[in-house]
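For reference, the structure discussed in these notes is given below.
The values are calculated or read from the model by the stated rules, or taken from the named source; none is laboratory data. From a predicted model like this one, the values you see are computed outputs, not experimental measurements. Here the Cβ positions follow ideal geometry from the backbone for every residue, glycine too, while neighbour counts run over all protein chains shown. Please note that ligands, DNA and RNA were not included when accessible areas were found on the heavy atoms of the full protein model with its side chains. Shrake-Rupley method; radii C 1.70, N 1.55, O 1.52, S 1.80 Å.
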Amino acid sequence: MKLGMVGLPNVGKSTLFNAITKAGAQAENYPFCTIDPNIGVVQVPDERLQVLHDMYNSKKIVHTSIEFVDIAGLVKGASKGEGLGNKFLSHIREVDAIIHVVRCFEDDNVVHVDGKIGPLKDIETINLELIISDVELIDRRIQKTTKNLKGDKSLQKELDILNRVKEVLEQGLSARTMELTEDEAEFVKTLCLLSYKPVIYAANVSEDDAADGEDNPLVQEVKEFAASEHSEVAVICAKLEAELTELDDEERTVFLEELGIEESGLDKLIKASYSLLDLISFLTAGEPEVRAWTIKKGTKAPGAAGKIHSDFERGFIRAETVAYDDLIRCGSMTAAKEKGLVRSEGKDYVVKDGDVILFRFNV
């Protein structure tokens, strides 16, 4: 999973990226500090893996991971090339979802590109640049489809959808706000529209608001807007996240507890991204390793097997499956089998989050 972090200059985007990836991307108090995208790979925390490791006495733990891409600060006019905009927009096109960092704090020492704080104005500025870029792409596609329609009348349905998308974009609305059927959504996805990308708005609050940022009026504005386009919101404090990177795990836990914060910004972003993209994790366990695998919710057993290796999917026979909670309650796979909790599932089985699976295959 690749998540692209965007935001106007000086909203705390690179600071947050550095904190959650510990990648050391440059973060300075002036616009266009980031030109080439920085990339950091982060392990997805999963306490279940350590428990399974202890149960199986495994040699290693392999977490699933997320790739964070820190994309340069966009500005008004980016779709026309302002601030190296075209280059930045091409980077966004490559990600699975966008983390849009929005400034929800006042600080006279940190300049704002527009001179004043206004999260909805910031969101509108970036969304509009993505929309303008999409309109150009849609116009080209409409021209091509209209031309091909003369020889293939079946393209009329596609043309109708393209015109609907254009109509929405020209109203200044993102393509992701559209209500589409499953088939229409699959087609629109193939267009690679920037404004159709799923979005998590990372509301960056001050340290004073870190514990109760949900009550911040600016955060409430962001939440209301996000709800209107089916997006997620994660309230984070980039400055606090940067401080957390200096601590070890135990110190970090104590520090968060003292501040009355239940989870770190990274944990919030990961949960929001899994929810937004409809992702779950299944687990494999044995003496060599215990491992988490990320799949789309609704994936059937052969598809999950293919995540491990294409041979597993091609030669799929069955999946020996037990729910993680049942396995832990029993204390061992042997005990779980004795209680009839280990099931033999076929090709139509839909894998659930936390399933511990052994795939049987033959090629």
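Table for the structure above
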quantity: Carbon and sulfur %, accessible surface of segment 192-250 computed with the full protein complex present, 1.4 Å; calculated: 46
quantity: Distance in nm between pseudo-label sites at residue 143 and residue 329 (7 Å out along the Cβ direction from Cα); calculated: 6.3
quantity: Ratio Rg/Rh, restricted to segment 138-252 and using Cα atoms, in which Rh is the Kirkwood radius; calculated: 1.20
quantity: Label-point separation in nm, residue 360 to residue 317, each point 7 Å along Cα→Cβ; calculated: 0.5
quantity: Candidate lysines for bridging to residue 189, where Cα separation is under 17 Å - those fewer than 8 sequence places away on the same chain excluded; calculated: 2, 157, 166, 197, 296
quantity: Surface/4 estimate of mean projected area, convex hull on alpha-carbon atoms of the chain, nm²; calculated: 21.5
quantity: Of the GluC sites (Glu not before Pro) in segment 299-338, those whose Cβ has at most 10 other Cβ within 10 Å and which sit in DSSP loop; calculated: none
quantity: Average accessible surface area per residue within segment 154-193, 1.4 Å rolling probe, Å²; calculated: 57
quantity: Dimensionless Rg over Rh [segment 291-363; C-alpha; Kirkwood]; calculated: 0.97
quantity: Three semi-axes of the equivalent ellipsoid, segment 140-193, Cα gyration tensor, whole Å, largest first; calculated: 20, 13, 9
quantity: Isotropically averaged projected area of segment 280-327, using the convex hull of Cα atoms (one quarter of hull area), nm²; calculated: 3.7
quantity: Residue 274 accessible area, 1.4 Å probe, all protein chains in place, Å² to nearest 10; calculated: 30
quantity: Calculated diffusion of segment 234-363, Stokes-Einstein form, Kirkwood radius summed over Cα pairs, 20 °C and 1.002 mPa s, µm²/s; calculated: 126
quantity: Additional length obtainable on full extension of the chain from residue 251 to residue 55, 0.36 nm per residue less Cα span; calculated: 67.9 nm
quantity: Percent accessible area from carbon and sulfur atoms, segment 263-340, protein chains only, probe 1.4 Å; calculated: 47
quantity: Sparsely packed GluC sites (Glu not before Pro) within segment 169-205, loop by DSSP, other Cβ within 10 Å at most 15; calculated: 179
quantity: Per residue value of the accessible surface for segment 206-304 (all protein chains in place, 1.4 Å probe), Å²; calculated: 50
